[in-house]
Amino acid sequence: MAHDKPISRAVIKRLPRYYRFLGELLKSDIVRISSRELSARMGLTASQIRQDLNCFGGFGQQGYGYNIQELHEEIGHILGLDQRMDAILIGAGNLGRAVANHMDFDNRGFRLSAIFDENPQLIGQRIKNIPIEHTDKMESFCKIHHPMVAILCIPKTATKAISDRLIALGVKGFWNFSHYDLLNQHSGIIVENVHMSDSLMTLSYEIKELLKEES
C-alpha cells in the first residue's frame with residue numbers, strides 16, 4: 001500500500017518483528033488475530049500496533065481483526081522481501097562464515113551471490129557452495145553483476161577503504177559487522193551498523209538495574 005509521509009525509523013525497526021510473529025502464527029494454522037491478541041504475544045500495546053500498521057494503510061477489519069496471511073505478505077512486500085537483491089559478503093573468517101551459513105538470505109529479500117577475502121589460504125574454498133574469491137576481483141565482479149548490498153565482516157582498519165571501493169562500484173547498502181561505524185556520508189547510500197557487543201552491554205545494564213530493584 002502506498003504511503004506519502006516519511007515513516008519513522010522506530011516503526012520500520014518493528015516491522016521485521018511483526019513479520020516474524022505473524023510467520024509463527026501461520027505455522028500454527030491461525031487464520032486471524034485481533035490487535036489485542038497480537039499485542040499480548042508481542043509485548044506491545046494494541047494502540048501501538050494499530051498506529052504502526054496505519055502508517056501503511058488500513059489492514060484490519062472492525063470486528064474481525066487481521067487476516068494473518070494477508071498481513072504477513074503485505075509486511076513482507078513493504079520490507080522488500082520479494083525483491084531478491086544481490087548481495088556480496090566481504091570477509092570469510094569465522095564471523096563471515098557464520099553469517100553466510102546461518103542467515104536465511106533468500107527469505108529476507110537477498111541473494112548471496114559472491115564472497116571475497118584477501119587471505120590467499122581461503123581462496124577457492126566454498127561456503128554454501130559459493131567459492132571465495134580474492135578481494136582483487138571485487139571490481140570485475142561488481143561491474144558485471146551490479147550487487148546492491150555488501151555485507152562487511154572485516155577488520156575495523158579495512159572497512160573505510162573497502163566501503164569506498166564498493167560505493168564507487170555502485171553498491172547502495174551496507175550491512176556492517178565491523179567495529180567501524182560507517183556513516184551515510186555519500187548520498188543514496190544506506191548503512192546498517194551491527195554491533196553485537198552493544199546489545200550485550202545493554203543486557204548487562206538491564207540485569208544490573210533488575211538486581212538493584214530486587215535488593
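Quick notes on this structure:
- Candidates 96, 80, 43, ranked by Gaussian network fluctuation over the chain, Cα under 10 Å, top entry: 43
- A simple packing score, the average count of other Cβ atoms within 10 Å per residue, orders the peptides 72-79, 147-154, 195-202 as 147-154, 72-79, 195-202, with the highest score first.
- When DSSP beta bridges are restricted to pairs lying wholly in the range 85-197, around 10% turn out antiparallel.
- If you take the alpha carbon atoms of the chain and fit the smallest convex hull around them, that volume is 173 Å³ per residue.
- When only Cα pairs below 8 angstrom with a gap of at least 6 residues are kept, the range 85-197 shows a relative contact order of 24 percent.
- Compared with the dominant principal axis of the Cα atoms in the chain, helix 196-214 is inclined by about 40°.
- Estimated 222 nm signal from helices in the chain, with DSSP H stretches of n ≥ 4 weighted -39500 (n - 2.57), rounded to 500: -14000 deg cm²/dmol
- Scattering profile of the range 85-197 at q = 0.10, 0.16, 0.20 Å⁻¹ [log10 I(q)/I(0), Debye over alpha-carbon scatterers]: -0.24, -0.66, -1.09
- Total formal charge among the other residues, if their Cβ is under 9 angstrom from that of residue 112, Lys/Arg +1 and Asp/Glu -1: 0
- The simple spin-label model puts a point 7 Å past each Cα toward its Cβ; for residue 181 and residue 119 those points are separated by 2.9 nm.
- Considering only the chain, percent of DSSP beta bridges that pair antiparallel, nearest 5: 20 percent
- Overall form of the range 113-169 per C-alpha gyration tensor (a/c, 1.5; a/b vs b/c): oblate
- For the range 51-143, the fraction of C-alpha pairs farther apart than 15 angstrom is 67 percent.
- GNM result for the chain, Cα springs below 10 Å: residue of 118, 24, 192 fluctuating most strongly: 24
- Cα gyration tensor shape for the range 9-78, rounded if a/c is under 1.5, else prolate or oblate: rounded
Quick note: the coordinates plus some simple rules give every number you see, no bench work behind them. Because the structure is predicted, anything quoted here is derived from the model rather than measured. We place every Cβ from the backbone using ideal geometry, glycine too, and count neighbours over all the protein chains shown.
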